[in-house]
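Below is one structure; the comments refer to it alone.
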Amino acid sequence: MLLRIEHLSYTYMKGTPFEKKALDDVSFEIDKGDFVGIIGHTGCGKSTLVQHFNGLLKPDEGNIFLNEQCINNSNIKALRKSVGFVFQYPEHQLFESTVYKDIAFGLKNEKLSKEEEQQRVIQAANAVGFDLSLLENSIYDLSGGQKRRAAIAGVIVMNPQILVLDEPAAGLDPLGRDEILDFAVKLRKEYGITIILVSHSMEDVAKYANKVIVMNEGKVEMIGSPGKVFEDEDRLRKIGLGVPQIATLFKKLSVAYPQYNIDREIFTVEEATRFLLRLLGGENK
Amino acid sequence: MSHVHITKSLFVFTMEDIIKYENVSYSYAYDFDDEEEELNNIQVPHVIPFAVKNVSFSVKQGEFVAIIGRNGSGKSTLARLTDALIFPTEGKIYVDSMDTSDPELTWEVRACVGMVFQNPDNQIIGTTVNDDVAFGLENIGVPTDEMQSRIDEALRYVGLEGYGDMEPHLLSGGQKQRAAIAGILAMHPKVVILDEATAMLDPVGRKEVMDVVHRLNKEENMTVLHITHHMDEVVNADRIILIDNGSLVSTGTPKKIFSQGEMMRKAGLEVPQVTKLMDNLRNNGIDVPDDVITVDEAVLALEKILVK
């Protein structure tokens, strides 16, 4: 078990009139190599939750275990190295004069030799598909997509075990969004990094995650595989979330045609195509 | 600055062209003063890149037009041109028969076209919701006694009645964007432009904003230009303008645009999931229509086949 959350509760501005319970008895586990999608509407506690993973917030109650070690009061520095955090609009956090310096910034305390540093920066830049010929450029000369990649490289360079991505695709067009999320898949596959994706997009979570955590009013509302979670469309709608179009379609079909044994856990276009072709016996070109 | 007629009616029921783009081109490279000093500091590229290239189309009063295109395709530039924040390098834009390039009319054009930007936090300046909505009215010189009634009316319309005294930072994202819309409505514009105004909102906030905008369009015949990457927000538009690389690629109903999957893919965009599913089935020899864009249409299309 890579990350284990036990009975986590957190209250903002405790003891003031603005007191607000943001997390209420939250428990779950994340395995090494998982691609976890955390969804929920604004104010459901998902950002508060992930900020506990690298010690930005400390639990009021409950425990967090990383690699079976309780991290509530442990060495914050080591923790922050293990859990990389990419905030929303990460390109706003670029500040160095060149891309190289910005990516290398986190390594300053590592006491690496010039060669080692260079190797790590290049590896990180490659991991997110950043064009190496632009490393000596000013961060202001980059396009939006390149900036976002450079910013993520600056997190990857620390070799985290877990990468938390908070709405990484906000404001990007469909192509840019796919690029960023495909890199996350690559990082998971090639570098074994566990990915935690905080998102509003059901389609993205459906396409990429193997485990979905639905948050509502500070509690875990649902947890499980995307298929299992999207099956309960009514419950998701009740808490202000939608499901991918395909999930709705297959639910409607399964109700209308019980005789066809329609799989209610289908939620991506690819699965839907395969299923319907099998059912309708289309020629496979 | 010319004075704005505050008596202008919000509700004009005509089907005339409210906006007309005639061979509009725009290059940011031209956007510098001619002063020698500045020219020495910038590198003028050999080929001046045009952000908008020879675009012509018109929008009718009361039309709901969605503008789609990948990042950097020129959508926002087009929006800024329409609101006279920048001016065409070549060609002309007419808004309510006013030439946007005419410096005498700049402020009238801006009063006619209300714009909501992407980031809710970058466009709120008032210390209360009331103050924020009042800001635009102060700028166009609306008398104080008329102001409060206009503010109340606008806040009621966007569903923020009773929020007037609240501090804007306590609002949710969707509420902030609706407050921004109220700030525009109070100025009685004829056109509302949403420049990716839903990009930073969650599904609930997006729905709140889209509901208000659709109501404005249907009930008040407000002309809407909606720029977005969310394809589910454009299925109900009267018309889609597809832009890529600064040029107009295609225009038509959502059904017409979405049925051209290859064109959409080339423009870096995607079609709704059910449209893609129908495409896949058709490519495998199954007879389904090419203009399915909603779940209900997909159910209908599949019913015809499954019943057999």
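The values are calculated or read from the model by the stated rules, or taken from the named source; none is laboratory data. All values reported here derive from a predicted model rather than from experimental measurement. Glycine also receives a Cβ, built like all others from the backbone with ideal geometry; neighbour counts cover every protein chain displayed. Note: accessible area is taken over every heavy atom of the protein model, side chains too, but ligands, DNA and RNA are not part of it. Shrake-Rupley method; radii C 1.70, N 1.55, O 1.52, S 1.80 Å.
Quick look at the numbers
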item	result
The range A:64-78: number of residues that are under 29 Å from A:ALA169 (Cα atoms) and surrounded by 18 or more Cβ atoms within 10 Å (Cβ to Cβ)	2
Test: residue in the range A:252-263 that is at pLDDT below 90 and in contact with a strand residue (DSSP E or B) (Cβ under 8 Å, 6 or more places away or on another chain)	no
Count - residues of the range A:12-38 that are open to solvent by 20 Å² or more (accessible area, probe 1.4 Å) and either within 15 Å of A:LEU57 (Cα to Cα) or in a loop (DSSP other than H, G, I, E, B) (or both)	14
Matching residues, the range A:262-285, being open to solvent by 60 Å² or more (accessible area, probe 1.4 Å), touching a residue at least 24 places away in the same chain (Cβ under 8 Å) and facing chain B (nearest Cβ under 9 Å)	none
Pairs with Cβ under 7 Å, 6+ apart, first in the range B:163-190 and farther than 25 Å from B:GLU220 by Cα, second part of a helix (DSSP H, G or I)	B:ASP165/B:ASN130; B:MET166/B:VAL129; B:PRO168/B:VAL129; B:PRO168/B:ASP132; B:PRO168/B:LYS176; B:PRO168/B:ALA179; B:LEU171/B:ALA179; B:SER172/B:GLY205
Close pairs from the range A:30-56: first within 11 Å of chain B (Cβ to nearest Cβ), partner in a loop (DSSP other than H, G, I, E, B), Cβ under 6 Å, at least 6 apart	A:HIS41/A:GLY240; A:HIS41/B:ASP202; A:THR42/B:SER172; A:THR42/B:ASP202; A:LYS46/A:GLY40
Filtered residue count, the range A:247-261, keeping only those that are open to solvent by less than 60 Å² (accessible area, probe 1.4 Å) and more than 20 Å from B:ASP287 (Cβ to Cβ)	5
Single residue of the range B:266-297 satisfying the filter (within 9 Å of chain A (Cβ to nearest Cβ) and closer than 17 Å to B:ILE67 by Cα) that is most open to solvent (accessible area, probe 1.4 Å)	B:GLU270
Some residue of the range A:206-224 being open to solvent by less than 20 Å² (accessible area, probe 1.4 Å), in contact (Cβ under 8 Å) with a residue 60 or more places away in the chain and at the interface with chain B (Cβ under 9 Å from one of its Cβ atoms)	no
Count of the range A:175-198 residues which are within 12 Å of chain B (Cβ to nearest Cβ) and open to solvent by less than 10 Å² (accessible area, probe 1.4 Å)	1
Some residue of the range B:147-157 being open to solvent by 10 Å² or more (accessible area, probe 1.4 Å), polar (S, T, N, Q) and not in a helix (DSSP H, G or I)	no
Test for A:ASP60: is it open to solvent by 60 Å² or more (accessible area, probe 1.4 Å) and either closer than 21 Å to A:ILE239 by Cα or of a type in the set (S, T, N, Q) (or both)	no
Residue identified as away from chain A (no Cβ under 11 Å), open to solvent by 10 Å² or more (accessible area, probe 1.4 Å) and either of a type outside the set (A, V, I, L, M) or not in a helix (DSSP H, G or I) (or both) among B:LYS255, B:LYS207	B:LYS255
Answer from A:ALA125, A:ALA78 - the residue that is modelled with pLDDT of 90 or more and among the small types (Gly, Ala, Ser)	A:ALA125
Output for the range A:108-141, where each listed residue is surrounded by 12 or more Cβ atoms within 10 Å (Cβ to Cβ), of a type in the set (D, E, K, R) and over 18 Å from A:MET158 (Cβ atoms)	A:ASP131
The range A:57-85, residues that are closer than 17 Å to A:ASP31 by Cα and free of Cβ contacts under 8 Å to residues at least 12 places away in the same chain	A:GLN69, A:CYS70
Residue match in the range A:148-166 (condition: under 23 Å from A:GLY33 (Cα atoms), hydrophobic (A, V, I, L, M, F, W, C), free of Cβ contacts under 8 Å to residues at least 12 places away in the same chain and assigned to a strand (DSSP E or B))	no
Any hit, the range A:98-105, residues being under 30 Å from B:ALA199 (Cα atoms), within 14 Å of another protein chain (Cβ to nearest Cβ) and either more than 23 Å from the chain's Cα centre (by Cα) or assigned to a strand (DSSP E or B) (or both)	no
Any hit, the range B:157-179, residues being away from chain A (no Cβ under 11 Å), among the aliphatic types (A, V, I, L, M) and under 21 Å from B:SER76 (Cβ atoms)	no
Lone unmet requirement of (1) away from chain B (no Cβ under 14 Å); (2) under 13 Å from A:ILE213 (Cβ atoms); (3) part of a strand (DSSP E or B) for A:GLY62	(2)
Residue list for the range A:231-246, filter: part of a helix (DSSP H, G or I), open to solvent by 10 Å² or more (accessible area, probe 1.4 Å) and more than 30 Å from A:THR11 (Cβ to Cβ)	A:GLU231, A:GLU233, A:ASP234, A:GLN245
Single residue of the range B:210-232 satisfying the filter (assigned to a loop (DSSP other than H, G, I, E, B) and of a type in the set (S, T, N, Q)) that is surrounded by the fewest Cβ atoms within 10 Å (Cβ to Cβ)	B:ASN221
Scan of the range B:258-308 for residues that are in contact (Cβ under 8 Å) with a residue 24 or more places away in the chain and over 15 Å from A:GLN245 (Cβ atoms), ordered by number	B:SER259, B:ALA267, B:GLY268, B:LEU269, B:ASP290, B:ASP291
In the range B:233-252, the residues that are crowded, with 18+ Cβ neighbours inside 10 Å, within 16 Å of the chain's Cα centre (by Cα) and not aliphatic (A, V, I, L, M)	B:GLU233, B:ARG239
Residue list for the range B:165-198, restricted to those being charged (D, E, K, R), assigned to a loop (DSSP other than H, G, I, E, B) and farther than 24 Å from B:VAL109 by Cα	B:ASP165, B:GLU167
Candidate set from the range B:204-218 (those that are of a type in the set (A, V, I, L, M, F, W, C) and within 15 Å of the chain's Cα centre (by Cα)); member that is nearest to B:GLN118 (Cα to Cα)	B:VAL209
